[in-house]
1. Are there chymotrypsin sites (Phe, Trp or Tyr not before Pro) in the stretch 1-68 that DSSP marks as loop and that have at most 10 other Cβ atoms within 10 Å, and which are they?
2. Past 28 Å, Cα to Cα, is the threshold; run K11/K150; K16/K266; K174/K195; K150/K174; K16/K174; K33/K195 against it and keep the listed order.
3. If you keep only loop residues by DSSP, which trypsin sites (Lys or Arg not before Pro) in the stretch 1-50 have at most 10 other Cβ atoms within 10 Å of their Cβ?
4. Tell me which residues come under 5 Å, amide H to amide H, from V105 once H is placed; ignore anything under 5 positions away on its chain.
5. Using the Karplus curve 6.51 cos²θ - 1.76 cosθ + 1.60 with θ = phi - 60°, work out ³J(HN,Hα) for each residue of the stretch 173-179 in order, rounded to whole Hz, and write x for Gly and Pro.
6. Based only on other Cβ atoms within 10 Å, what is the fewest-to-most ordering of F215, F225?
7. Out of the trypsin sites (Lys or Arg not before Pro) in the stretch 137-232, which ones are loop residues according to DSSP with at most 16 other C-beta atoms within 10 Å?
8. Picking from S155, S117, S45, which is most flexible by a Gaussian network model of the chain using Cα springs under 10 Å?
Amino acid sequence: MAHIIVTGNEKGGSGKSTTAMHIATALVRMGHKVGALDLDVRQRSFGRYIENRAAFCIREHLTLATPQYRDLPEIDPTQLAPHENINDHRLSEAMAGLDAECEFVVIDCPGSHTRLSQVAHSLADTLVTPLNDSFVDFDLLARIDPMTNKVLGPSIYAEMVWQARQLRAQAGLKPIDWIVLRNRLGAQQMHNKRKVGEALDELSRRIGFRTAPGFSERVIFRELFPRGLTLMDLRDVGVDQLNISNVAARQELRDLLNALRLPGVKVSV
C-alpha cells in the first residue's frame, strides 16, 4: 500500500501545488517510486507543473526525476452502480493503479470544497496544509476573537479534516498526520508573525496538527513553474552557482521534508 500524501487547503494561492511538486520530485530523486494526482480538474496547477517538466526535458534533451502523473479517468455514468458517486469512482480508478506501483502517492487538492477533496482527505496518511502567514488564511482553520486573538473554535476546513479523521477511524485506519506549513514568511511584519504563530500553537493543541516552516516568498518559485523545474534541478540545468536566496530555499525544502517524517525516507536533497 502506498503512503498517501495530500496537500489541501480550501483557499487558493497558499502554495499547495508548489509544495506538492517539490515533495513528489524530491522523493523521486531520493529513489522512491512516486505517483501524482491533481484533483483540481479545472485549474490543474500540479498537473500542468508536471506537463511543463516533461515538455522542458524533451526540448532540452534532458532526463529529470519525475513523479508518475495520472489524470482522473473519464467514467461512463451508465456503468456506475446504483447511488455510486462518479467522482468517488474516478478517484478509486486512478488510485487502483498507483497504489500498487508506488511507495508514495502525492495528491493535490483544489482550493475549494469539493467531493473529490473530501474523499482525498479521508485517504491521507499525511496531510500537508500550506497556509499563508496571515489571519486571512488562518480563518479557514479557526475563528478568533478580533480583540484578543484568542481561538474561539475550529472553522470550515478544520471541520472537514475532523470528518475525514472520523471516517478513517471508522474504517480502522491509522490517524492522519496533519502538518500545517507556514508559507510566505517574511523578514518583516514581526508582530503579525508572532501573533499568527501564537494562534497556531494554541489551535494545534486543540485540534491536533503539527506546525512546520514552509517556503518563504521568493521569485524563484514563479520562475520555475513554466519549465516544470524544482529547486533540486537547478544544477542539472546548468545553474552551477546558486545565489543566497536559492541556497536558503533548498534548506527550507530539506527542513520541510524532515518535518514530514515520512516512513522509509532519508532526506538527501
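1. Nothing satisfies the criteria.
2. Result: K174/K195; K150/K174; K33/K195 exceed 28 Å.
3. R42
4. Answer set, sorted by chain and number: H3, I4, I5, G35.
5. Values per residue, Gly and Pro as x: 8, 5, x, 6, 8, 9, 10 Hz.
6. Lowest count first: F225, F215.
7. For trypsin sites (Lys or Arg not before Pro) across the stretch 137-232 that sit outside H, G, I, E and B with at most 16 neighbouring Cβ atoms in 10 Å, the list reads K150, R218.
8. Ranking S155, S117, S45 by mean-square fluctuation puts S155 first.
Values quoted throughout were computed directly from the atomic coordinates according to the rules given, and no laboratory measurement underlies them. Computed from a predicted structure; not experimentally measured. Cβ sites come from the backbone with ideal geometry, for glycine too, and all protein chains shown count toward neighbours.
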